[in-house]
């Protein structure tokens with residue numbers, strides 16, 4: 001197997017590994033309020049999230065910025081909880097507060113936090129400073145994000161169109177389930 005496919009596959013599997021499902025949960029709550037009709041807004045959000053975690057992955061890999069893994073492991077579930085709570089308070093509102101630049105800035109910031117988590121894993125699998133394996137790993141992460149977001153959109157379509165869930169109820173149920181899954185992560189990683 002070529003190095004490209006090795007690091008690409010490692011990036012892909014890192015996000016899709018259900019034993020490390022925190023990134024999946026974030027993508028679920030980020031995508032829950034969207035449908036195929038609003039794919040452009042969702043694409044902007046996912047792109048901003050990607051920008052954030054790619055920047056922090058690069059900065060951490062080249063030791064420009066160093067963040068304690070204990071903080072990162074705590075802050076990742078905090079970002080998931082914050083996104084899910086945002087969904088609870090904005091469910092059923094068409095414009096959701098996206099017009100505020102703050103929504104997009106927070107998405108980039110959350111991406112930065114998740115990127116430090118990727119960096120911890122990446123440093124375990126590759127301790128070199130080569131750029132190409134880092135890009136290959138990041139591309140694998142991106143494909144996995146696209147897969148997760150696409151699956152969330154499919155589930156939203158099925159539940160909203162076939163089972164006649166209204167959009168508000170879908171967002172409330174999905175976000176509540178995610179909150180229930182994140183609470184144990186917060187307790188486990190609490191270090192104050």
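Points worth noting:
- The residues listed here are 152, 158, 173, 178; of these, the one that is at pLDDT 95 or above, more than 17 Å from residue 111 (Cα to Cα), surrounded by 13 or more Cβ atoms within 10 Å (Cβ to Cβ) and more than 18 Å from the chain's Cα centre (by Cα) is 173.
- Residue selected from the range 179-192 under the condition touching a residue at least 60 places away in the same chain (Cβ under 8 Å) and not in a helix (DSSP H, G or I), by the criterion nearest to residue 86 (Cα to Cα): 190
- Residues (modelled with pLDDT of 95 or more and closer than 22 Å to residue 133 by Cβ) located in the range 68-80: 72
- Options 88, 57: the member that is surrounded by fewer than 18 Cβ atoms within 10 Å (Cβ to Cβ), part of a helix (DSSP H, G or I), at pLDDT 90 or above and in contact with a helix residue (DSSP H, G or I) (Cβ under 7 Å, 6 or more places away or on another chain): 88
- Some residue of the range 95-102 being in contact with a helix residue (DSSP H, G or I) (Cβ under 9 Å, 6 or more places away or on another chain) and under 27 Å from residue 184 (Cα atoms): no
- Just one residue in the set 108, 131 is modelled with pLDDT of 95 or more, surrounded by fewer than 21 Cβ atoms within 10 Å (Cβ to Cβ) and over 20 Å from residue 73 (Cβ atoms); that residue is 108.
- For residue 26, the conditions (1) in contact with a helix residue (DSSP H, G or I) (Cβ under 6 Å, 6 or more places away or on another chain); (2) within 16 Å of residue 114 (Cβ to Cβ); (3) modelled with pLDDT under 95 are fulfilled apart from (3).
- Single residue of the range 161-170 satisfying the filter (part of a helix (DSSP H, G or I) and surrounded by fewer than 14 Cβ atoms within 10 Å (Cβ to Cβ)) that is nearest to the chain's Cα centre (by Cα): 168
Every residue, every condition in (1) within 17 Å of the chain's Cα centre (by Cα); (2) farther than 20 Å from residue 14 by Cβ, yes or no:
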residue	(1), (2)
28	yes, no
59	no, no
88	no, yes
120	yes, no
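- Count of the range 147-178 residues which are without any contact (Cβ under 8 Å) to a residue 24 or more places away in the chain and within 17 Å of residue 17 (Cβ to Cβ): 1
- Scanning the range 138-147 for residues that are under 14 Å from the mean Cα position of the chain (by Cα) and surrounded by fewer than 20 Cβ atoms within 10 Å (Cβ to Cβ) returns 142, 143, 146, 147.
The values are calculated or read from the model by the stated rules, or taken from the named source; none is laboratory data. A quick note: this is a predicted structure, and the numbers were derived from the prediction, not measured. All Cβ positions, glycine included, derive from the backbone under ideal geometry; neighbour counts span all protein chains shown.
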